[in-house]
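First comes the structure, then the notes that go with it.
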Amino acid sequence: MALGILLALMGGAFVCLQNTFNANVKKQVSVWSTTALVLLLGFLASLLAGLAFEGGSLFQFHAQPWFWFSGILGVGVVACVTQGVQILGPSRAISLIMVSQIFFGLMWDTLGWFGLEKVAFTWQSLLGVLLISGGVLLFQLGPKVEQHHALKRKTVEVSDSVKG
Amino acid sequence: MKGIFFALAGGFFLTFQSVANARISEGIGTWQAATMTQFTGFVLALLIVLILRDRSYQNLSQVSPLYASGGMLAAIVLYSNMTAVHRMGVTLTIGIFLIAQLIAAVMIDSKGWFDMAKQKIGRMQIVGLLLMVAGVIILKW
């Protein structure tokens, strides 16, 4: 468990770092060219790491046919996230994406689809997921709300000073 | 409405991806799975670039090499994601990933690192993060 937590913390930090770097690439290059570049480099880095840790046995595997279609999911992610951000703006889109992610996670653990080991549903886990979602929403949308209130206060002050 | 649908579908695909990667790595090994999923994703993305006749990659020379090489981080991300899902299931893995992601974002934004616009950390953001940590603790209990 401890190793899992540690790896997840490290992984998450690297997701953020990668998103930050990609955002800088996207200032110059389109979404799909950026995606192609990111996946190409991810492929090369994984290939090198695999060769370093496992040598030639990296290529000895029996893949089920569907394994070869896994890339479709990545394309689905990019297409939906890009559209969502374009329509809703980054903070609202990202908060919804994260909430959706964790709820689908709970659903998946509960149903054990795709041969994933089932984790029994408990009300406690639902409470945990609700708290995480609430936290995400506060984090992403909180600054917007604060800004909105600050703006309102200012307008009131200005109108008061005009009246005065 | 359309935006909400896309955002929810994006979350669905991200979770599906974690599950599929973990399953593939069970079948053929972690590095094999990382290499294969990145490769098939690349082929598809390349096809889309070709179909759209997208030539914007020519601007890549204006991007700092550090940022352009960000894709390599995927090897670390995928390894940790697959191993974490094996060890503790998807829900907990995603919960902790999200917390680490937002903490890193707070650090980068507050310092304005990596050419990001400098932003102050709000009180609501700290409360949000604490709420998430509480959620993960309850989840794990």
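We did not get these values from a lab; they are worked out from the coordinates using the rules stated. Only a predicted model underlies this, so the values are computations on that prediction, with no experimental measurement involved. Cβ coordinates were reconstructed from backbone atoms using ideal geometry, including for glycine residues, and neighbour counts include every protein chain displayed.
So here's what we get for this one:
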{"quantity": "Exercise: per-residue mean of other protein chain Cβ atoms within 10 Å, B:48-55", "calculated": "4"}
{"quantity": "Lysine pairs in the protein assembly as shown with Cα atoms under 26 Å, if 8 or more residues apart or on separate chains", "calculated": "24"}
{"quantity": "Dipole moment magnitude, nearest 20 debye, chain A about Cα centre, only Lys, Arg, Asp, Glu C-beta charged", "calculated": "640 debye"}
{"quantity": "Rg/Rh for the protein assembly as shown, where both radii come from Cα atoms and Rh is the Kirkwood radius", "calculated": "1.00"}
{"quantity": "Around residue A:35: net Lys/Arg minus Asp/Glu count, Cβ-Cβ under 11 Å", "calculated": "0"}
{"quantity": "Cα-based radius of gyration of the range A:55-155 once divided by 2.2 N^0.38 Å, which approximates compact folds", "calculated": "1.54"}
{"quantity": "Reciprocal of mean inverse Cα separation for the range A:1-118 (Kirkwood radius, Å)", "calculated": "17.1 Å"}
{"quantity": "Coarse-grained scattering of the range B:1-135 at q = 0.11, 0.14, 0.16 Å⁻¹, given as base-10 log I(q)/I(0) from a Debye sum over alpha-carbon atoms", "calculated": "-0.58, -0.95, -1.19"}
{"quantity": "For residue B:36, net neighbour charge (Lys/Arg +1, Asp/Glu -1) across residues whose Cβ lies under 15 Å away", "calculated": "-1"}
{"quantity": "Mean Cβ neighbour count within 10 Å, used as a protection proxy, ranking B:12-24, A:86-98 highest first", "calculated": "B:12-24, A:86-98"}
{"quantity": "Rounded to whole Å, sorted largest first: equivalent-ellipsoid semi-axes of the range B:65-141, Cα gyration tensor", "calculated": "25, 22, 5"}
